[in-house]
Amino acid sequence: MNVKTTLTTLCLLIAFVVAFVACNETKTSPKQEASVTADSALNDSAASCDAPSSTRYPNQDKPMALMMRQMADNAQKMKNKLEAGEKIDAGTFPFIRFHLVEPTDPNVLQPQFYENARVFQVAHKALVNAPLEKQKEMYTAYINQCINCHQTYCSGPLKRIRKLVLN
Ligand code: HEC
C-alpha cells in the first residue's frame, strides 16, 4: 500500500466515523421518546410531583411532565408580556393538550382531573381572546386554575406556580 492509498483510506475512515457520530446524535431524541412511552413500568406514586422528574429519572420524563414545563415557561412569558403592557395572543400561546398524553403517575387520570383540565382550557380561551385591558384579570383566573388542579393532583410545583401570579 503506498502513502496515497493509506491517506485516502484514513480520510474515508474519518469521514465514516464523523458521519456515524452525527447520525447517532440526531437519532437520540426520537429514541428517548420511544423509551419514554414504553417505560410505563417505571411509574411511581403521586409523590412524583414533589420533585422535578428530571432529577429522579433523567431522560425518562413523561410527555405530560414535559408539556407542563412548557406551560410553566409560557406562563412566565405571558406574565412578562402583561407586565410590559403587551397583548397575549392565541398564536403565540396555543392551548397545550397535556390531558391527552401519558403522565408520570397514571392514577391522576380521574374524572376530576379531566374536569379541572376542561375548566382550565376555558380559562385559557378567555385569556387569549380577551382585549388587552381585560387580560391581566383573565391571566390571574388562568393561573388560579393551575393552582386549583395542583392542589389536588400534584402539589410539588405549587411554589413555582405561585411565582407566576402577577405582582
Ligand atoms: C388538570 C390538572 C392540571 C392543570 C390545570 C395544570 N397542571 Fe401542572 N401538573 C399536573 C400534573 C398531573 C402534573 C404531573 C405531570 C407528570 O409528572 O407527568 C403536573 C406537573 C407540573 C409541573 C412539573 C413538571 C415537571 O418538571 O415534572 C409544573 C412546573 C406544572 N405542572 C406547572 C403548571 C402550570 C404553570 C399550569 C398552568 C399554566 C399547570 N401546571 C396546570 C396537573 C395540572
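Values in this text are rule-based calculations from the coordinates and carry no lab data. Quick caveat, the model's predicted, so the values are computed rather than measured. A quick note on method: Cβ atoms are made from the backbone with ideal geometry, for glycine too, and the neighbour counts reach across all protein chains shown.
Brief remarks follow.
- Taking each of Lys87/Lys159; Lys125/Lys159; Lys134/Lys159; Lys62/Lys87; Lys136/Lys159 in turn, the alpha-carbon distance tops 23 angstrom for Lys87/Lys159; Lys125/Lys159; Lys134/Lys159; Lys62/Lys87.
- Both radii are taken from the alpha-carbon atoms of the stretch 61-162; with Rh as the Kirkwood radius, Rg/Rh is 0.96.
- Nonlocal amide H pairs with Glu102, under 5 Å, H built at 1.01 Å: Met64
- Whole-Hz ³J(HN,Hα) from phi, Karplus 6.51 cos²θ - 1.76 cosθ + 1.60, for the stretch 111-128, glycine and proline x: x, 5, 4, 5, 5, 4, 5, 5, 5, 4, 5, 4, 5, 5, 4, 4, 5, 6
- Label-to-label distance, Lys136 versus Val119, with points set 7 angstrom from Cα along the beta-carbon direction: 2.5 nm.
- Whole-Hz couplings from phi, Karplus 6.51/-1.76/1.60, listed for the stretch 91-99; x for Gly and Pro: x, 6, 10, x, 5, 9, 7, 5, 6
- Interatomic Cα distance distribution for the stretch 123-167, bins of 5 angstrom, percent: 5, 25, 27, 20, 15, 7, 2
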